Amino acid sequence: MTTAHRELAAEAASCVACGLAEGRTQVVFGNGSPDADVMFVGEAPGAREDEEGVPFVGRSGQLLDRLLAEELGMVRSDVYIANVVNCRPPDNRDPRPDEIVACRPWLARQMDLVDPSVVVTLGNFASRLLLETGTGITKLRGHNYRYGDPPRHLVPTFHPAAALRGGAGVLADMRSDLVRVRDLVAT
Ligand code: URA
């Protein structure tokens, strides 16, 4: 990690911009390579992440690691992984709009710092937030988008939790989305 990232994470660690600060064990800030080509954006930390302070260390994270290796030929330290909200919502409920708005600057600052060429949004929350749409992930996925200024590639795919629930079809779609990520990184 760079000094800039460590400083940003330290600043985020005491964030009280929304009510999620009350129930968290700790802030789960983004992590990985500070100069990654690929940045993943998930939804919110779960119980394991809240305990360990690292994103995607539970079952969803294990599946993400497998897909990273199998479709991108990468390990976690090759990419950067962040979330729409950095603190665990109580009982794993969905993050609320006010919480997403409050946490938005942290995601933006991580994006500026890492400066990835490809952003992969995992599931509805991250995809709708960054694409500024109400359309769901089932319709959004399967296409590449441009995001931000300077423009980056954005590839929306399912959240790994959906693949754990939804079985083979969802997993196959995630794999084909990640193949497109691999191709974008290679160009
Ligand atoms: N699910 C997410 O969206 N983020 C995590 O960090 C863990 C599970």
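Each value in this text was obtained by applying a stated rule to the coordinates, not by laboratory testing. Please read all numbers here as calculations on a predicted model, not as lab measurements. All Cβ positions, glycine included, derive from the backbone under ideal geometry; neighbour counts span all protein chains shown.
May I ask you to derive the relative contact order of region 119-178, considering only C-alpha pairs under 8 Å and at least 6 residues apart, and to give it as an integer percent? Display every interim value, and only then the final one.
Numbers: 78 pairs, mean separation 20.7, N = 60.
Relative contact order comes out at 34 percent.
How far, in degrees from 0 to 90, does helix 168-186 lean away from the longest principal axis of the Cα atoms of the chain, to the nearest 10?
The helix 168-186 is inclined about 90 degrees to the chain.
Please arrange Val101, Val84 by counting, for each residue, the other beta carbons lying within 10 Å of its beta carbon, fewest first.
On the way: Val101 12, Val84 25.
Starting with the residue having the fewest Cβ neighbours, the order is Val101, Val84.
Using R₀ = 41 Å, calculate the FRET efficiency as 1/(1 + (r/R₀)^6) where r is the Cβ-Cβ separation of Asp91 and Thr2; round to 0.05.
Working: r = 35 Å, r/R0 = 0.86.
The pair Asp91/Thr2 has a calculated efficiency of 0.70.
Can you give me the relative contact order of region 3-186 as a percent, contacts being Cα pairs under 8 Å and 6 or more apart?
Numbers: 324 pairs, mean separation 44.6, N = 184.
Computed value for region 3-186: 24 percent relative contact order.
Which of the listed residues, Leu107, Val155, Ser77, is farthest toward the dipole's positive end in region 3-186, when Lys, Arg count +1 and Asp, Glu count -1 at the beta-carbon?
About the Cα centre, the residue reaching furthest to the positive side is Val155.
Is there a quick way to get the dipole size of region 25-161? I mean about its Cα centre, with the Cβ of Lys and Arg at +1 and of Asp and Glu at -1; what is the value in debye to the nearest 20?
380
If the viscosity is 0.692 mPa s and the temperature 37 °C, what translational diffusion coefficient in µm²/s does Stokes-Einstein give for the chain when Rh comes from Kirkwood over Cα pairs? Mind dumping the intermediate values first?
Details: Rh = 16.3 Å.
Once the numbers are plugged in, D ends up at 201 µm²/s.
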